[in-house]
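Each remark here refers to the structure printed beneath this line.
Every number here is computed from the coordinates shown, using simple stated rules; none is lab data. What you are looking at is a predicted structure, and each value in this text was computed from that prediction instead of being measured. Every residue, glycine as well, gets a Cβ built from its backbone with ideal geometry; the counts of neighbours run over all protein chains shown.
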């Protein structure tokens, strides 16, 4: 296949890795079928220090015995694990029938890591093999297309698609060993777009401008700021979410880039406090929006991104977005990223910094804010047109500002990762 590495990254997430194949795929009756995917693995070493508190797992410091609970942490852990992209195998097909372009994609997403003898995952149902995509599309270039099924969410999708750690590890290598992925910059600069059941419409390309609008499956809010906590109860997700984005892509002989905005809104009903009692505010509408831009010229790339929301939570959507009275907590975050591709060599060098924050309400007597921030240095070398060798260093800092405590609870995680990622 003649995919470039950049196209392959986006393709892997959107199950279009095979659509740019010069070979044209396998003809089977009326269908053209193709197979594409990703294989990656990294050796990682993570050094943690400090005392994490308050969850909001963007920090991912709890690496003692691969644990995910709280407590003081001062540990070094080495793993061989998958990066931010899972290993990926996607089967897709397309045909033209009755003046419609019809297509489908189904994917499976295994990890490249195991941490227990005789168990081919982390030994926890939450970390087993993923099946991220199963969707169909139909439409025409004249009026757009409709998608039905499970695929990458609409809100915040461009934030992760432009994150340079897609080719690497980012954060989470210590805490999530044995999982299908690490977390890259998720929770330290943007919310996770995630993989959602959806009905979505995408417009034609109007000279670079396009938009997508859709309805996605209702998700529950979680009542704790640690989405993996055993004490969590789900609440509130009864109405579907409405998501949309608009973007403008431009290209000249010397410069190309893209600007975008996206948003999400979902009504929550039947909100409860942490012990299952109806909250004072039993219903609320979650809203969040973002804006971003990326520009590339003469080997240099620059990306900037910002989001804010009410009730959207921290790291994953609707995680910790409400206090016990049903009041919405405010969230915001940003990241900036610069890259340079060495002429004649192809090695991409990059640096990025980002921060996510969720703020307490008047009801949260012991919480002013939780902040997770990370900076990353990376080198991504194309050994072949399909295979990249990767070296990264990341440093995450987690800070829990407790209004009742004498000092804030904070922790750090420093990760070195070396490995490779193959697109096919």
Just order 95-102, 355-362, 388-395, 27-34 by mean Cβ neighbour count inside 10 Å, highest at the front, would you? 388-395, 355-362, 27-34, 95-102
Taking 269, 130, 243 and counting other beta carbon atoms within 10 angstrom, the fewest-first order is 269, 130, 243
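Output the peptides 156-163, 35-42 sorted from most to least packed, where packing is the average of other Cβ atoms within 10 Å over each peptide's residues.
Details: 156-163: 24.2, 35-42: 21.8.
The densest-packed peptide leads the list: 156-163, 35-42.
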Could you state the number of Å between the C-alpha centres of segment 148-170 and segment 346-424? 16 Å
Could you order the peptides 289-299, 135-145 from most to least packed, using the average number of other C-beta atoms within 10 Å per residue? 289-299, 135-145
Give me 397, 348 sorted ascending by neighbouring Cβ count inside 10 Å, so fewest comes first. 397, 348
